[in-house]
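The values are calculated or read from the model by the stated rules, or taken from the named source; none is laboratory data. Remember, it's a predicted structure, so these values are computed and weren't measured experimentally. Methodologically, a virtual Cβ is constructed for each residue, glycine included, from the backbone with ideal geometry; neighbour enumeration extends over all protein chains shown. Protein only, heavy atoms only, side chains kept; ligands, DNA and RNA dropped before computing areas. Shrake-Rupley method; radii C 1.70, N 1.55, O 1.52, S 1.80 Å.
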Amino acid sequence: MGRGSIELRDGIHWVGARDPEMRLFDLIMHTEHGTSYNAYLVRGSKHTALIEMVKQGFEASLLDNIREVMEPREIDFIVCNHTEPDHTGALAALLEAAPRATLVATGRGAHFLGEQQNRELAITKVKAGDSLDLGGRTLSFVPAPFLHWPDSMFTYLEEDHILFSGDVFGAHFCPPPGVITDDAPGIATEALHKATRHYYLTIMAPFAGHLQKGLAKLDGLTLAMLCPSHGPVRRADVQGLVELHRDWATPRSAPLAVVFYASIYGHTKQLAEAVARGLEERGVPTTLLDLESADPWAVLHTSWEADIIAVGSPTLNGGPAPHAAAVLAGLDPHRAKGKRFLAFGSYGWSGEAVSLLTERAAALKMTTIDSPPLRVIFAPTKEDLAQATEAGHRLSDPS
Ligand code: FEO
């Protein structure tokens, strides 16, 4: 086919791979736009570095694209900003084609690469302040842990003011063939913005505090181009994109709440409405979602966004309704820690759902509001509903 590589500047090429059919990433992220695994060749007068690689299965695309620019065996360095296998899966094939290349990674990155390959690798470990002279082009390394793994770093090309940013500033959004920059004709700007937000929420939001620290390390750097590991290269509004991420990573000043409920005969629904009323009486914007009819992806995303979560469920055969249990199954401790949580529900015989949901929330390091337990035998009375509204009040209170 040919011409899969794209020149970004003289001596700097995108040589990654496109995956337009990908629809589920990392088992947790649905994407309608596929993705790209970005890799970049940077050539100096003395040395050439490949920055990032691609996922296993896309080796041929990577190597074909490199060959359009140079012989892979002439690559001197392979810089691994992040060692998750969507970026390192092609390493074994690449090292066969580029046997003299030295890997460059943080200490944690070097450890992860060794564990992935299970063999001795030539790796230079780098730390903050280290740099690599390619001859007229200097790569400087900025470790930025937990963006998105403990191994992560940024690589900054000083003379060209280009930041190779790993997963940060990425999007699962596969540009059309022949296109890789966000200012090219054929890029749907609004769809890219939505994909960027979705990517942030799914991949980066659990590490928002680390992102704030990582972005602070970029202060003072001139940024002409952002080269992330997924989706378009960003140069249309670089500073705007940085500020958008800074804003997203900053904790909200006022909380958002969601009240999920599963209800067979309407009793748990009545409690849900009363809890939501209590939250709204205290000025907390609250979404009420019926788990029976809600889109499961919307449930997942709403739970990730909310600062306060209430889940109502009847007790079915000694446990919560599967829809209600799924809300908590979709959360992890990084994402859930510190969110305020309430379980509630109507039951007929034994009523274990509330305590089981609360135990799960506590294991996720959420702040549970469970005393007294909000559980009601069959139909709620006026007093039960008043208690539910009161629980909404307590849920709104961060103290
Ligand atoms: Fe694109 Fe965290 O890997």
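What pairs come out if I take residues in the range 323-336 that are β-branched (Val, Ile, Thr) and pair them with residues that are open to solvent by less than 20 Å² (accessible area, probe 1.4 Å) whose C-beta lies under 7 Å away, six or more apart or interchain? Pairs that qualify, where the first residue is β-branched (Val, Ile, Thr) and the partner is open to solvent by less than 20 Å² (accessible area, probe 1.4 Å), are VAL327/PHE260; VAL327/VAL299; VAL327/SER303; VAL327/VAL311.
Checking each residue in the range 220-253 for being within 16 Å of the ligand (Cβ to nearest atom) and farther than 27 Å from SER5 by Cβ picks out only HIS245. Across the range 101-130, the number of residues qualifying as closer than 17 Å to SER165 by Cβ, open to solvent by 10 Å² or more (accessible area, probe 1.4 Å) and not β-branched (Val, Ile, Thr) comes to 1. Checking each residue in the range 349-381 for being modelled with pLDDT of 95 or more and in a loop (DSSP other than H, G, I, E, B) picks out GLU352, LEU364, LYS365, MET366, PHE378, ALA379, PRO380, THR381. Regarding VAL259, is this residue among the hydrophobic types (A, V, I, L, M, F, W, C), over 17 Å from LEU201 (Cα atoms) and crowded, with 18+ Cβ neighbours inside 10 Å? Against the criterion (among the hydrophobic types (A, V, I, L, M, F, W, C), over 17 Å from LEU201 (Cα atoms) and crowded, with 18+ Cβ neighbours inside 10 Å), VAL259 qualifies. Looking across the range 1-24, the residues that are open to solvent by 10 Å² or more (accessible area, probe 1.4 Å), under 22 Å from LEU226 (Cα atoms) and within 15 Å of the ligand (Cβ to nearest atom) come down to ARG18, ASP19.
Determine, yes or no, whether PHE164 is on the phi > 0 side of the Ramachandran plot and either open to solvent by less than 10 Å² (accessible area, probe 1.4 Å) or of a type in the set (S, T, N, Q) (or both).
Spelling it out, it is not the case that PHE164 is on the phi > 0 side of the Ramachandran plot and either open to solvent by less than 10 Å² (accessible area, probe 1.4 Å) or of a type in the set (S, T, N, Q) (or both).
The set of residues in the range 281-301 being open to solvent by 40 Å² or more (accessible area, probe 1.4 Å) and in contact (Cβ under 8 Å) with a residue 24 or more places away in the chain consists of GLU281, ARG282, GLY283, PRO285, THR287, LEU288, ASP290, GLU292, PRO296, TRP297, HIS301. Of the residues making up the range 42-58, those that are open to solvent by 30 Å² or more (accessible area, probe 1.4 Å) and over 24 Å from the mean Cα position of the chain (by Cα) are ARG43, SER45, LYS46, HIS47. Looking across the range 67-84, the residues that are away from the ligand (no atom under 11 Å from the Cβ), β-branched (Val, Ile, Thr) and either free of Cβ contacts under 8 Å to residues at least 40 places away in the same chain or assigned to a loop (DSSP other than H, G, I, E, B) (or both) come down to VAL69, ILE75, ILE78.
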